[in-house]
Amino acid sequence: MIGVIACSGKIGPHTVQLSNDKYAQAVATAAEALPVILPVFPALLDPVHILAGLDGLLFTGSPSNVDPRCYGGPPSPPDTEHDEARDQLALPLWRAAVEAGVPVLGICRGFQEMNVAFGGTLDQQLDGPGAEHEPTGNEPVEDQYARTHALTVQPGGVLTRLGLAQKIEVNSVHGQGIARVGQGLRVEAVAEDGLVEGLSVEGSQAFALGVQWHPEWQVMENPDYRAIFQAFGEACRKRAEQSR
């Protein structure tokens, strides 16, 4: 059972929990596990109780950004979307999961949460040379998630052990990125413009990886993406067997 963290939002006057299908589908297909949507109720759900009932956690992407107050950054532009409830649950949950040896995978916002949870910071607007990582949002979804740039996989890390080549092509659907890498995190992949796009937890008891791109997109059609989810699923099954 893999918890897939949701986002909080609104439909009309009602507060709701939202989760994009592609994350749960990737868990069910490539990871071969049961996805369980995890609502962000930080006042009601204790990380210890969450981790006791799950074999792994997937921290998903989101339209919202981590509030810069969580890492001491300057205020966001007025139109920036935040999700305070998710911040309050996800950041301590990342730390608790790694400490407890529960397998974790972070994608896009989830990757940025990973960095912030371990004391890192974010660049709220990527505007350097070659750092145009975000589509306009007006393209067809297939174009938004198409592979658009290369990454260099760093030798000796998790991604190398999964069999990924030194150079891989990935999609790019993000406007923010890593500024300072968090404590105890290892750089796993770097874009051609130097932006860090993959992190793992050094010395972690279990699978603990975050990536800036979206490997859940058409995961069964891309061997590099599928390898990540397969390894995550295997780690979660190992955790389940140990817990019995």
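The conditions are (1) more than 18 Å from GLU32 (Cα to Cα); (2) in contact (Cβ under 8 Å) with a residue 40 or more places away in the chain; (3) not small (Gly, Ala, Ser), and GLU216 fails exactly one of them. Which is it?
With respect to (1) more than 18 Å from GLU32 (Cα to Cα); (2) in contact (Cβ under 8 Å) with a residue 40 or more places away in the chain; (3) not small (Gly, Ala, Ser), GLU216 is out only on (1).
Can you tell me which residue within the stretch 40-86, out of those that are β-branched (Val, Ile, Thr) and within 22 Å of ALA24 (Cα to Cα), is nearest to the chain's Cα centre (by Cα)?
The selected residue is THR60.
Looking at the stretch 153-170, which of its residues are exposed (fewer than 14 other Cβ atoms within 10 Å of the Cβ) and not in a helix (DSSP H, G or I)?
PRO155, GLY156, GLY163, ALA165, GLN166, LYS167
Is it the case that the stretch 48-59 has a residue that's aromatic (Phe, Trp, Tyr) and touching a residue at least 40 places away in the same chain (Cβ under 8 Å)?
Checking the stretch 48-59: at least one residue is aromatic (Phe, Trp, Tyr) and touching a residue at least 40 places away in the same chain (Cβ under 8 Å).
Kindly provide the set of residues from the stretch 171-193 that are of a type in the set (Lys, Arg) and either open to solvent by less than 20 Å² (accessible area, probe 1.4 Å) or part of a loop (DSSP other than H, G, I, E, B) (or both), ordered by number.
Once the filter is applied, which keeps residues that are of a type in the set (Lys, Arg) and either open to solvent by less than 20 Å² (accessible area, probe 1.4 Å) or part of a loop (DSSP other than H, G, I, E, B) (or both), the stretch 171-193 yields only ARG180.
Which ones in the stretch 209-232 are in contact with a strand residue (DSSP E or B) (Cβ under 9 Å, 6 or more places away or on another chain) and within 11 Å of LEU159 (Cα to Cα)?
Selection gives LEU209, GLY210, VAL211, ASP224, TYR225, ILE228, ALA231.
For the stretch 174-219, name all the residues that are of a type in the set (Val, Ile, Thr) and under 17 Å from PHE232 (Cα atoms).
VAL201, VAL211, VAL219
Which of the strands (runs of 3 or more DSSP E) found entirely inside the stretch 1-79 contain at least 2 residues meeting this: touching a Lys or Arg at 6+ places or on another chain (Cβ under 8 Å)?
7-11, 56-59
Return the residue satisfying two criteria in turn: it lies in the stretch 194-208 and is of a type in the set (S, T, N, Q) and closer than 13 Å to PHE118 by Cβ, and of such residues it is most open to solvent (accessible area, probe 1.4 Å).
SER204
Which residue, of VAL141, VAL40, is open to solvent by less than 30 Å² (accessible area, probe 1.4 Å) and β-branched (Val, Ile, Thr)?
Checking each option against the conditions leaves just VAL40.
The values are calculated or read from the model by the stated rules, or taken from the named source; none is laboratory data. The structure displayed is predicted, hence computed values, not measured ones. Quick reminder, even Gly has a Cβ in these numbers, built from the backbone with ideal geometry, and neighbours come from all protein chains shown. These accessible areas exclude ligands, DNA and RNA; they are computed on the full protein's heavy atoms, side chains included. Shrake-Rupley method; radii C 1.70, N 1.55, O 1.52, S 1.80 Å.
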